[in-house]
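Right, one structure below, let's go through it.
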Amino acid sequence: MEGGLSSSDFVRPHLKKLAPYTPIEPFEILSEKLGRSPEDIVKLDANENPYGPPPEVLTALGNMSFPNIYPDPECRRLRSLLATDVGVPMENLLVGCGADELIDLLMRVVLEPGDYIVNTPPTFGMYAFDAEVNNARVVDVPRGADFSIDAQGIVAAVKEHKPKLVFLTSPNNPDGSMLKEEDLLTILELPVMVVLDEAYIEFASEGSRSPWVLERENLIILRTFSKRAGLAGMRIGYGVFPSGLLEYLWRAKQPYNVSVAAEVAACAALSNPEYLTRVKDALVKERDNMFEQLASLPFLTPYPSNANFILCRVSGAWEALDLKNALAAEGVMVRYYSKPASLAGCIRISVGTPEQTERVMKVLQAM
């Protein structure tokens, strides 16, 4: 075209300033970069379930009857199973292509450009990222030194900025701390929609607050199959929503947002609760074992966790980035943080199998 027109001229102005989200690299790319086979890489950087899904999942995927037919846009079979599993009516459940899709869908339904959300960093990065994509403004109310939320700070932020959404996470990613019930109750009294992300709740000693949604018009619970059921690669999550809001989420969501394969896999995973419990128990046991071993190292200070990962502050002769790179050179992948300031100098290690813990500790002890 004449006049030097660029395709980027059509991009919405606020998206030109958007910093891209930095995802974790998959096995195939890591294998090429490190010069190691995928089997020789200990991948503990994305909180994935090392045991994978129940065996019924692979069987069900291999026996899919109609992969050539569009999926059920309402995921009725899965929602029916989830109603029993979660203890809420299926009419309050919405399934998404990962909980990430539901976060974005919620913002598209609720937020006008320039509206505010409240974020509590350090926490899951998708809340702020999706807000920026949707041209909303983010009010950060930082967590304390122990990673607990500042409930009164949130009260003040709601009063001053009148946000539509407050995002809370329990257990919180990346530190694994739990949200105190009194803090949640305080925030639920505010004129704002509270989104409680429970992606890691299965690994905590406390149960899910999903049933609370039935009694509160301003509470949403988000859950996932990625951690508990080992289905991170299938991209499937769900939310428990108040019925008044859910009507409009149904109207706005993509009609075929969950693939046939993802729904089949999730249903198959729920058919073997004994396996899910056994794997959860194994990860909790290994988390406690790994915490004790990490605490014995003079250059690491691990934080107590209720999730399937452990955040560690790096000190002494090591810098966090150097330690992360040294581990990677030995085929051990962990997550490194440079920001926000409260996370600078930290690494996060996902809980793996006992054999993976042994490999990690062997490398760390040699340092």
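Rounded to a whole number, what % of the accessible area of the stretch 236-367 do carbon and sulfur atoms account for, probe 1.4 Å?
53 percent
Pick from 79, 36, 287 the residue whose mean-square fluctuation is largest in a GNM of the chain, springs joining Cα atoms under 10 Å.
Comparing 79, 36, 287 in a Gaussian network model of the chain, the most mobile one is 36.
Using the charge dipole of the chain (Lys, Arg: +1 at Cβ; Asp, Glu: -1 at Cβ; taken about the Cα centre), state which of 230, 357, 259 has its Cα farthest towards the positive end.
Final value for the positive-end residue is 259.
Compare 69, 221, 349 in a GNM of the chain, Cα atoms joined below 10 Å, and give the one with the largest fluctuation.
Highest fluctuation of the listed residues: 69.
With both bridge residues required to lie in the chain, what share of the DSSP beta bridges run antiparallel, to the nearest 5%?
55 percent
How high is the relative contact order of the stretch 65-144? Use alpha-carbon pairs under 8 Å, at least six apart in sequence, and give a whole percent.
24 percent
As a test question: what accessible area, to the nearest 10 Å², does residue 343 have when a 1.4 Å probe is rolled over all protein chains in place?
About 0 Å², rounded to the nearest 10.
Please report the spacing between the Cα centers of the stretch 316-367 and the stretch 233-270 in Å, no decimals.
Each part's Cα centre sits 35 Å from the other's.
Which lysines have a Cα less than 30 Å from the Cα of residue 164, not counting those fewer than 8 places away in the same chain?
16, 17, 180, 227, 253, 339
In whole angstrom, how long is each semi-axis of the equivalent ellipsoid of the stretch 1-134, when you take the square root of 5 times every eigenvalue of its Cα gyration tensor and sort them from largest down?
32, 27, 19
Given the options 211, 20, 142, which has the most mean-square fluctuation in a GNM of the chain, springs set between C-alpha atoms less than 10 angstrom apart?
Comparing 211, 20, 142 in a Gaussian network model of the chain, the most mobile one is 20.
At a probe size of 1.4 Å, how large is the accessible area of residue 146, to the nearest 10 Å²?
It works out to around 100 Å².
Between the stretch 23-69 and the stretch 155-176, what is the C-alpha centre distance in whole Å?
33 Å
Any idea what the dipole of the stretch 101-141 comes to, in debye rounded to 20, about its Cα centre with Lys/Arg Cβ at +1 and Asp/Glu Cβ at -1?
60 debye
Answer with a single label: of (1) 21.1, 67; (2) 23.3, 68; (3) 18.9, 54, which was calculated as Rg and Dmax of the Cα atoms in Å from the structure in view?
Recomputing Rg and Dmax of the Cα atoms in Å here picks out (1).
The values are calculated or read from the model by the stated rules, or taken from the named source; none is laboratory data. Bear in mind the structure is a predicted one, so any value in this text is a computation, not a measurement. Note: ideal-geometry Cβ built from the backbone for every residue, glycine included; neighbour counts use all protein chains shown. These accessible areas exclude ligands, DNA and RNA; they are computed on the full protein's heavy atoms, side chains included. Shrake-Rupley method; radii C 1.70, N 1.55, O 1.52, S 1.80 Å.
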